[in-house]
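The values are calculated or read from the model by the stated rules, or taken from the named source; none is laboratory data. All values reported here derive from a predicted model rather than from experimental measurement. Counting neighbours? That spans all protein chains shown, and the Cβs are built from the backbone with ideal geometry, glycine included.
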Amino acid sequence: MPLQLYNTRTRRVEPFQPRRDGRVSIYVCGLTPSAQAHLGHARSFLFFDILRRYLTFSGYEVTYVQNVTDIDDRSIAAAHRLGVSWREIVDGYYAEFKRSMQRLGVREPDKEPYATEFIPQIRETIVALIERGYAYVASDGIYYRVGKFERYGALSNRNIAELEAGARIEIDEAKEEPLDFALWKFAKPGEPHWPFEPYGDGRPGWHIECSAMSHALLDPEGTGFDIHGGGADLIFPHHENEIAQSEPLMARPPMANFWLHGGLLLFDNRKMSKSLGNFEPLCDVLDRYDPQAIRLLFLRTGYGKVMNFTDEAMAGAEATLERLRRDYRALHAVAGSANGSVREGGALTARVVAALDDDMNTAAALREVLAAAGNAEAEGAAQRLAELRNALTLLGIEPDERWLAEPEALPLPSDLAAALRREIGEPWLDGIEDARAALERAIAERLAARAGKDWARSDRLRDALLRCGIELQDGKEGSVWSVVR
């Protein structure tokens, strides 16, 4: 069975067939680095990383484009608030995001266009829309005329009359109709701007950049590309507006054959929000949890489904990861002495492929991986190990040196007791000079905190141990520690 994917554009699961034999073109809406990235961003990019890995594994030549919205209202507002340049805001937050993606094992995009690098293409697109009557010049900018595009609302399955009823015009907007949206915002004092003759200096709106960049990088002929992706929160209005901007200028629509969207992420059954106090920067989450365990947790839920993130779920994921590493070490030890040749493909590979062909069912693929890892029989061990290694890499949980090292194989830091006293600062460590005794006491205190559901204290102790070079993995039978460098 060929790869089947749920297509938001048609609202059904369909066989994936690229427009050009052997080649797949993907455009994914990337980060707007006006604030710190969060775990919801990570979930979306992790899925598209796995999809890209699988398409490459399947023999396709993949071109993966992920843009950077490096100019928008929020980054400008943050710069004004902090008294720095908008570029400093963007560069700082984006560098932090890139480090987080590297820790999660997300591969670099083939192309990573910045909106401000494509101002000429954006202006050309706007001019073409004006010439065809899809855009008009107002006193404060250039707007898209939504009423002229008959298919508006098709992607999000919304009725334009209902959208109009719920829309409104902001006081400072001069657009014709409530649904019309900005393509170009004329310059305001203190804001970055670019020339646009004869209309006026300004900066691009949010939606137009993706139409211009995807056309320039993936579809210069105007016949469409294969996959457009992003989070479910982008379906309306962002992706709806991209289609409205792009397809009137194309030689042969649709803009993208497949539209794929990752599901939303909840935290303790609530939408993440700073006002609710459940917002945590992605870099901080990666300090608290093993990045491979985070990926494993996401693999357990279908990419398009709403997912609930909890500390308890992460504890289970880290325990599963530790068991997987332990089983991998055991299988590696057996395979090292097992006889027999290793062939390409095999039973595990076939089962993982079947799971991923079913609309990227990573949960089913992970079950196959866990079952195969738990089989440490000598017969066929070398074959199973080779297939297991490939399957793990395909899912982005790539085995590294930790997978073959026993958790306690590395020596404890000589100054561990002093470091723990400094980082934890609680009296029960006073007088303990032996490194192992101090470690065991700290782990016991953390287990007591977990048993009492004092998650805040448990996290503080876990973080303190990690800063001292000790990583914990929680499981049903307790916590397993390892020395990290």
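Here is how the numbers come out for the structure above:
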{"read-out": "Flag for residue 331 being over 22 Å from residue 262 (Cβ atoms), crowded, with 17+ Cβ neighbours inside 10 Å and either among the β-branched types (Val, Ile, Thr) or modelled with pLDDT of 90 or more (or both)", "value": "yes"}
{"read-out": "Pair list, Cβ < 7 Å and 6+ apart or interchain, from segment 62-80 residues that are closer than 11 Å to residue 93 by Cβ to residues that are part of a strand (DSSP E or B)", "value": "68/114; 70/114"}
{"read-out": "Of residues in segment 131-168 being over 25 Å from residue 70 (Cα atoms) and of a type in the set (Val, Ile, Thr), the one surrounded by the most Cβ atoms within 10 Å (Cβ to Cβ)", "value": "146"}
{"read-out": "Odd one out for residue 220 among (1) touching a Ser or Thr at 6+ places or on another chain (Cβ under 8 Å); (2) of a type outside the set (A, V, I, L, M, F, W, C); (3) at pLDDT 95 or above", "value": "(1)"}
{"read-out": "Residue 103 vs. criteria modelled with pLDDT of 95 or more, surrounded by fewer than 16 Cβ atoms within 10 Å (Cβ to Cβ) and out of contact with any strand residue (DSSP E or B) (no Cβ under 8 Å at 6 or more places or on another chain)", "value": "no"}
{"read-out": "Residue that is farthest from residue 364 (Cα to Cα) [pool: residues in segment 294-315 that are free of Cβ contacts under 8 Å to residues at least 40 places away in the same chain and buried (at least 18 other Cβ atoms within 10 Å of the Cβ)]", "value": "314"}
{"read-out": "Unique residue being more than 22 Å from residue 288 (Cα to Cα), free of Cβ contacts under 8 Å to residues at least 40 places away in the same chain, out of contact with any Phe, Trp or Tyr (no Cβ under 8 Å at 6 or more places or on another chain) and not in a loop (DSSP other than H, G, I, E, B) when the list is 421, 384, 389", "value": "389"}
{"read-out": "Entirely in segment 255-338, the helices (runs of 4 or more DSSP H) that have 1 or more residues that are small (Gly, Ala, Ser) and over 27 Å from residue 26 (Cα atoms)", "value": "311-337"}
{"read-out": "Residue within segment 225-246 that is without any contact (Cβ under 8 Å) to a residue 40 or more places away in the chain and over 30 Å from residue 310 (Cα atoms) present", "value": "yes"}
{"read-out": "Which listed residue, of 445, 398, 406, 379, is assigned to a loop (DSSP other than H, G, I, E, B), in contact with a helix residue (DSSP H, G or I) (Cβ under 9 Å, 6 or more places away or on another chain) and farther than 29 Å from residue 49 by Cβ", "value": "406"}
{"read-out": "Residue within segment 87-99 that is under 28 Å from residue 220 (Cβ atoms), in the same structural domain as residue 208 (by TED's automatic domain parsing) and not charged (D, E, K, R) present", "value": "yes"}
